[in-house]
Structures are given as structure tokens and as C-alpha cells.
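A short worksheet on the structure shown next.
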Ligand code: C2E
Ligand code: MG
Ligand code: MG
């Protein structure tokens with residue numbers, strides 16, 4: 001049908017179940033790894049189904065609705081089939097509206113970059129501030145990046161938005177007291193783009209920030225693809241002297257192979273583990289294990305999402321080096337973070353151990 005998409009026309013399914021059964025068989029058959037000249041190839045498939053006459057009576061409408069069901073099937077992580085449902089149409093419309101608004105937002109300066117500090121757990125000093133996108137929608141109010149970043153990734157708009165964040169963040173960091181770094185989140189789509197290296201060089205040159213003061217945060221999603229472009233970009237950034245941190249560690253594949261293969265500067269333990277610390281759970285053991293791993297690999301271990309003193313005490317005991325979370329500060333506008341950075345650290349900051 002185009003690219004890696006195929007259409008199956010099942011002309012006389014006696015029941016809806018027939019299509020479901022065929023879809024299950026196809027998914028199962030394609031989930032098996034293929035051997036091509038000694039290389040293992042995993043493809044897998046997702047399937048969307050529209051049934052006439054309920055979901056449409058002409059080819060265009062059926063294909064459009066099957067495509068929407070396919071989208072829903074992929075959204076669940078793939079490897080399954082979904083039948084079209086009317087809510088899918090509504091959701092798709094809402095997404096399209098959000099996408100258009102997002103384009104406007106970029107053009108009309110509705111987006112902002114806020115900064116959240118990462119704190120050295122021994123000294124209480126701010127080592128880095130993470131740049132976080134903020135969008136105040138004129139009608140809908142605040143929209144979280146967890147909602148709009150995925151849409152920007154799908155439409156490719158994240159390339160321009162990401163470049164804008166990078167430039168803003170570098171400009172802000174260039175005014176900070178020396179030694180304070182800025183961390184910028186990078187989506188897999190940005191990493192796939194072969195010009196990322198050039199964009200980084202340009203942002204650094206325009207702002208006058210040195211490469212050592214820029215930290216790029218990526219998640220395992222970037223590494224999953226292992227495409228030539230991703231490796232090429234990682235190499236380029238390394239040569240430039242830009243640090244790369246592994247974000248949200250523990251939520252994805254948490255592959256030890258990645259840790260061995262890529263010289264990460266930091267590992268950030270996902271905040272879900274930190275919020276579970278108080279509960280009777282495996283979280284403390286996991287935090288301890290990751291901290292140990294980071295220590296032996298010479299990586300800085302950061303605990304994300306520290307909200308109270310108890311969590312702070314625990315992550316420190318488990319061997320984390322840095323912390324980030326509402327206990328220290330939420331993400332704040334550029335002028336507020338600058339003020340914070342210029343202040344001498346108060347004698348007793350929340351979470352700072354009393355060392356004489
Ligand atoms: P992230 O990179 O893991 O960022 C940390 C998120 O945790 C931020 O959410 C931050 O506000 C939140 N957080 C920090 N401390 C605490 C805490 O103590 N408690 C709780 N409950 N939350 C805390 P935010 O700003 O909503 O961003 C969510 C995600 O959106 C980010 O996760 C990142 O993946 C993505 N994102 C944000 N800005 C950008 C950007 O400029 N580019 C890209 N590609 N993604 C971005
Ligand atoms: Mg991050
Ligand atoms: Mg994170």
C-alpha cells in the first residue's frame with residue numbers, strides 16, 4: 001500500500017471474529033524472527049481493521065478508518081490488532097487540532113523554557129539545570145509536554161521545537177555562574193536527524209556556551225533503533241565534548257549493554273522508583289543497584305523526583321550523587337533560575353545534611 005504498509009481485503013468474512021482470527025495469525029507469523037543471510041531480522045506487525053458496512057461503504061472510508069485502528073494498535077506498543085471504533089475518530093481530531101495549535105504556538109512564542117535544578121547531594125550546590133518545555137495554550141491553559149511532545153515527534157515538528165529549546169537553553173546557560181551546566185532533553189527523532197551535530201555547534205557558537213556545559217538527555221528509545229544516524233550523531237557529540245545522560249533509567253529495557261557501549265556522563269533513575277521508596281517495595285534495592293552500577297562505571301547517578309526529606313535521606317544512603325525534584329525546586333522561568341544561581345546557598349537548605 002506504501003512504504004511498509006499492506007492492505008488485506010477479506011471479501012466474505014462471515015463474522016467479525018473471522019477478521020480477528022486472521023489478524024492474530026498474521027501478527028503471530030510476523031513476530032517470528034527472520035534469518036536473512038545470517039542476520040536476525042525482527043519485524044513484527046500491527047493491524048487495524050474496518051468492517052463494511054458499519055465502518056464505511058467505500059474504499060476510501062474503509063481504508064481511512066482501518067488506518068485509524070492501526071494507529072491505535074501501534075500506540076499500545078504494537079504487535080496486536082484493533083477494530084475501528086468511533087472514539088478513535090474523535091481522538092484523531094483532537095490530536096490534529098493540537099498539532100495545528102502547536103505550530104501556531106511555535107510561531108507566536110507561546111512556548112517557554114523553564115529550568116529545574118539538579119543538586120549535588122553532598123554539598124547542596126546546583127550543578128545543572130534541566131530545560132523543560134512549557135506551553136500555556138490561549139484557550140486550554142497549561143498543556144504538559146508529556147501530551148504535546150509525542151505529537152510533535154510524530155509530525156516532525158520536534159525538530160524545530162527542539163532546536164529552539166536548545167538555542168534558548170544555551171543562551172540562558174551562557175549567563176549562569178561558571179560551572180553550572182544546562183541539560184536539554186532530546187527526542188529520538190532529533191537524534192535520527194544527521195544535522196543534529198551541526199545544530200548543536202551552531203547553538204553553542206551563537207550563545208558562547210562551551211560544549212562542556214551542555215548535557216543532552218536521551219532515553220533508551222534513542223538507542224533502541226541503533227541506526228547509523230544515531231551512532232554517527234553520538235560520535236559527533238562526543239568529539240565536540242558534549243555530555244550525554246541517560247534519562248528515565250529503569251522504565252525501558254534498562255539494558256546493561258547500553259551502559260557498557262555508550263560513555264554516558266549521568267544515569268537518571270526514573271522518578272517512579274523514588275516515589276516508591278517509602279512503600280514496602282523493591283525500590284530501595286533497585287536504587288542501590290543502579291547507584292552501584294553507576295559508581296563502578298564512573299557515571300554520575302541522579303535520583304529524579306525527590307519530593308520529601310525521607311526520599312532524600314534514602315537516595316543519599318543508597319549512593320546517589322545528585323538529586324532533582326520538587327523538594328529542591330520545581331521548574332522555574334529563566335529569570336528566576338538565574339536569581340537562584342546567583343544567590344549564595346542558604347546555610348540550611350531543604351535536604352542539606354548538617355555537616356559542620
Ligand atoms: P523528564 O526529562 O524526565 O523531565 C522530568 C520531569 O519530571 C519534568 O516533567 C519535571 O517537571 C518532573 N519532575 C521533576 N521533579 C519532580 C517531582 O519531584 N515530582 C514529580 N511528580 N515530578 C517531578 P515535565 O516538565 O512535565 O516533562 C515531562 C517530560 O516531557 C520530560 O521528562 C521529557 O521527557 C519531556 N520534555 C520536556 N521538555 C522537553 C523538551 O524540550 N524536549 C523533549 N524532547 N522532551 C521534553
Ligand atoms: Mg529529562
Ligand atoms: Mg526523566
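The values are calculated or read from the model by the stated rules, or taken from the named source; none is laboratory data. What you see is a predicted model; the values in this text were computed from it and never measured. Glycine gets a Cβ as well: all are built from the backbone with ideal geometry, and neighbour counts include every protein chain shown.
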- Query: Does residue 171 satisfy the criteria of being touching a helix residue (DSSP H, G or I) at 6+ places or on another chain (Cβ under 9 Å), assigned to a loop (DSSP other than H, G, I, E, B) and more than 16 Å from ligand 3 (Cβ to nearest atom)?
  - Reply: no
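Suppose the filter is crowded, with 18+ Cβ neighbours inside 10 Å, closer than 16 Å to residue 223 by Cα, at pLDDT below 90 and in contact with a helix residue (DSSP H, G or I) (Cβ under 6 Å, 6 or more places away or on another chain); does residue 253 pass it?
Values: crowded, with 18+ Cβ neighbours inside 10 Å: no; closer than 16 Å to residue 223 by Cα: yes; at pLDDT below 90: yes; in contact with a helix residue (DSSP H, G or I) (Cβ under 6 Å, 6 or more places away or on another chain): yes.
Spelling it out, it is not the case that residue 253 is crowded, with 18+ Cβ neighbours inside 10 Å, closer than 16 Å to residue 223 by Cα, at pLDDT below 90 and in contact with a helix residue (DSSP H, G or I) (Cβ under 6 Å, 6 or more places away or on another chain).
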- Message: If I ask for residues that are under 22 Å from residue 153 (Cα atoms) and buried (at least 16 other Cβ atoms within 10 Å of the Cβ), which ones from the stretch 27-46 would you list?
- Response: 45, 46
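Could we say that residue 182 is in contact (Cβ under 8 Å) with a residue 12 or more places away in the chain, within 12 Å of ligand 1 (Cβ to nearest atom) and either surrounded by 20 or more Cβ atoms within 10 Å (Cβ to Cβ) or assigned to a helix (DSSP H, G or I) (or both) here? Full working, then the answer.
On the way: in contact (Cβ under 8 Å) with a residue 12 or more places away in the chain: yes; within 12 Å of ligand 1 (Cβ to nearest atom): yes; either surrounded by 20 or more Cβ atoms within 10 Å (Cβ to Cβ) or assigned to a helix (DSSP H, G or I) (or both): yes.
So residue 182 passes the test.
Kindly indicate which of 189, 200 is assigned to a helix (DSSP H, G or I), within 18 Å of residue 231 (Cβ to Cβ), within 16 Å of ligand 1 (Cβ to nearest atom) and within 15 Å of the chain's Cα centre (by Cα).
Step by step, each of 189, 200 is checked, and only 189 is assigned to a helix (DSSP H, G or I), within 18 Å of residue 231 (Cβ to Cβ), within 16 Å of ligand 1 (Cβ to nearest atom) and within 15 Å of the chain's Cα centre (by Cα).
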- If you check every pair at least six apart or on different chains, which have Cβ atoms under 6 Å apart with a residue in the stretch 227-245 that is under 25 Å from residue 304 (Cα atoms) first and a residue that is in a helix (DSSP H, G or I) second? 241/211; 241/212; 242/211
- Restricting attention to the stretch 313-336, report how many residues are assigned to a helix (DSSP H, G or I) and buried (at least 17 other Cβ atoms within 10 Å of the Cβ). 4
- Query: Could you give every pair whose Cβ atoms fall below 8 Å, whose first residue belongs to the stretch 327-346 and is without any contact (Cβ under 8 Å) to a residue 40 or more places away in the chain, and whose second residue is surrounded by fewer than 12 Cβ atoms within 10 Å (Cβ to Cβ), counting only separations of at least 6 or pairs across chains?
  - Reply: 327/309
- Task: Identify all residues within the stretch 266-312 that are crowded, with 18+ Cβ neighbours inside 10 Å, more than 15 Å from ligand 1 (Cβ to nearest atom) and assigned to a loop (DSSP other than H, G, I, E, B); write none if there are none.
- Result: 299
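Check 259, 312, 293, 277 and return the single one that is in contact (Cβ under 8 Å) with a residue 24 or more places away in the chain and under 30 Å from residue 204 (Cβ atoms). Even if it seems obvious, please write down each step before you answer.
Values: 312 fails: under 30 Å from residue 204 (Cβ atoms); 293 fails: under 30 Å from residue 204 (Cβ atoms); 277 fails: under 30 Å from residue 204 (Cβ atoms).
On inspection, the qualifying residue turns out to be 259.
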- Would you list the strands (runs of 3 or more DSSP E) that sit entirely within the stretch 3-90 and hold 2 or more residues that are in contact (Cβ under 8 Å) with a residue 60 or more places away in the chain and on the phi < 0 side of the Ramachandran plot? 81-83
- Query: Taking residue 109, is it part of a loop (DSSP other than H, G, I, E, B), out of contact with any helix residue (DSSP H, G or I) (no Cβ under 8 Å at 6 or more places or on another chain) and exposed (fewer than 14 other Cβ atoms within 10 Å of the Cβ)?
  - Reply: yes
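Within the stretch 215-223, is there a residue that is surrounded by fewer than 14 Cβ atoms within 10 Å (Cβ to Cβ) and part of a helix (DSSP H, G or I)?
Within the stretch 215-223, the first condition is being surrounded by fewer than 14 Cβ atoms within 10 Å (Cβ to Cβ), and the residues that meet it are none.
No: the stretch 215-223 contains no residue that is surrounded by fewer than 14 Cβ atoms within 10 Å (Cβ to Cβ) and part of a helix (DSSP H, G or I).
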- Item | Which listed residue, of 151, 161, is assigned to a helix (DSSP H, G or I) and in contact with a strand residue (DSSP E or B) (Cβ under 8 Å, 6 or more places away or on another chain) | 161
